[in-house]
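Below is one structure, written out as structure tokens, with a few remarks after it.
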Amino acid sequence: MRRQLNVYGERILGRLVKWSIRLLRRANPDKASDFVGGVARRIGPWLPTHRIGQDNLRAAFPDKDAAWIEATLADAWENLGRVAGEYVHMARIWDFDEAHPNAGRIQTDSIPLFDRLRTDGKPALCFSAHLANWELPAIAASAHGLPSAVVYRMPNNKAVAKEIIRIRAPLMGRMIRTRAQAALEMAASLSAGEHLGMVVDQHFSRGVDVTFFGRRCKANPSVARLARRFDCPVVGVRVIRLPEHRFRIEGFGPYELPRDADGQVDVPATTQMITTVIEGWVRENPGQYLWFHRRWR
């Protein structure tokens with residue numbers, strides 16, 4: 001009986017997602033972002049996940065009071081809702097004009113870095129975090145002519161996964177699903193000269209120990225391990241949400257990676273370096289971060 005109820009629940013969820021996508025697609029990107037962001041800001045604090053956000057913020061910012069924590073979480077819920085509302089409009093949101101890099105909805109001063117990556121004849125590794133609209137870096141790579149691949153986690157619901165892939169596939173280059181053979185696919189991507197991007201700021205049970213906001217946790221070492229194997233550039237890309245439905249995309253690097261006594265990339269030290277970079281990004285814009293994941297276990 002329980003299994004049958006789960007099947008029915010999955011079907012209902014899939015249909016709800018499809019209907020929601022159809023409705024949101026009829027609105028313009030700004031209205032969709034405003035509407036879903038406003039709903040999430042009001043409903044989010046009533047959800048059980050809100051407690052995870054409270055625990056995370058108390059751990060990360062022990063000097064902040066309850067009012068600051070609740071205000072920051074309200075912003076985080078709104079940001080998450082905006083990401084959902086913007087999702088079906090990703091192709092329309094990307095209006096970047098390289099001749100006027102700070103005039104449109106998408107702004108950046110990192111064109112020299114992107115040009116360098118495109119013309120150096122090397123593969124590259126790009127890490128990012130769940131900040132602002134974290135889908136945009138993958139679109140940026142493809143839009144700037146970088147042969148690219150992106151690592152993604154498949155949602156459990158098949159109908160939801162199908163809709164997400166349908167939206168992502170035309171915009172983000174080759175997509176590599178997190179599964180048993182993902183490591184081989186990532187290595188093949190770099191061997192083919194592609195620029196491989198992944199979001200690496202969440203708990204990774206098979207990861208290495210790092211410190212994030214002063215607390216020990218497990219982090220994904222894939223970037224460091226691949227950098228050790230391929231000795232290719234490693235860059236970081238973050239997104240900042242700006243007023244009036246605009247975004248700033250900032251690229252950093254290539255980084256000088258820590259090396260061991262044999263001159264090879266030090267995997268634990270490099271993973272810590274990446275985690276420290278992401279912590280700095282989060283500290284600058286805590287209300288744009290996804291706090292609703294159990295980062296410390």
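Odds and ends about this structure:
- Packing rank of 142-153, 60-71, where each peptide gets the mean count of other beta carbons within 10 Å, highest leading: 142-153, 60-71
- The charge dipole of region 95-288, taken about its Cα centre with unit charges on the Cβ atoms of Lys, Arg (+1), Asp and Glu (-1) only, comes to about 840 debye.
- Most to least packed among 201-209, 117-125 [average Cβ atoms within 10 Å]: 117-125, 201-209
- Projected label distance in nm at Asn285 and Asp115, using a 7 Å step from Cα toward the beta-carbon: 2.5
- Sparse-neighbour loop sites [GluC sites (Glu not before Pro); region 198-297; at most 16 other C-beta within 10 Å; DSSP]: Glu244, Glu256
- Counting all C-alpha pairs of region 95-288, share separated by more than 29 Å (%): 20
- HN-Hα J in Hz across region 265-276 - Karplus 6.51, -1.76, 1.60, θ = phi - 60°, x for Gly and Pro: 4, 7, 5, x, 5, 5, 5, 5, 4, 5, 4, 5
- For region 28-46, the residues whose amide N sits under 11 Å from a probe point set 7 Å from the Cα of Arg92 along the beta carbon direction are 28-33.
Since every read-out is calculated from the coordinates, none of them should be taken as a lab result. Computed from a predicted structure; not experimentally measured. Heads up, the Cβs are rebuilt from the backbone with ideal geometry, glycines too, and the neighbour counts pull from every protein chain shown.
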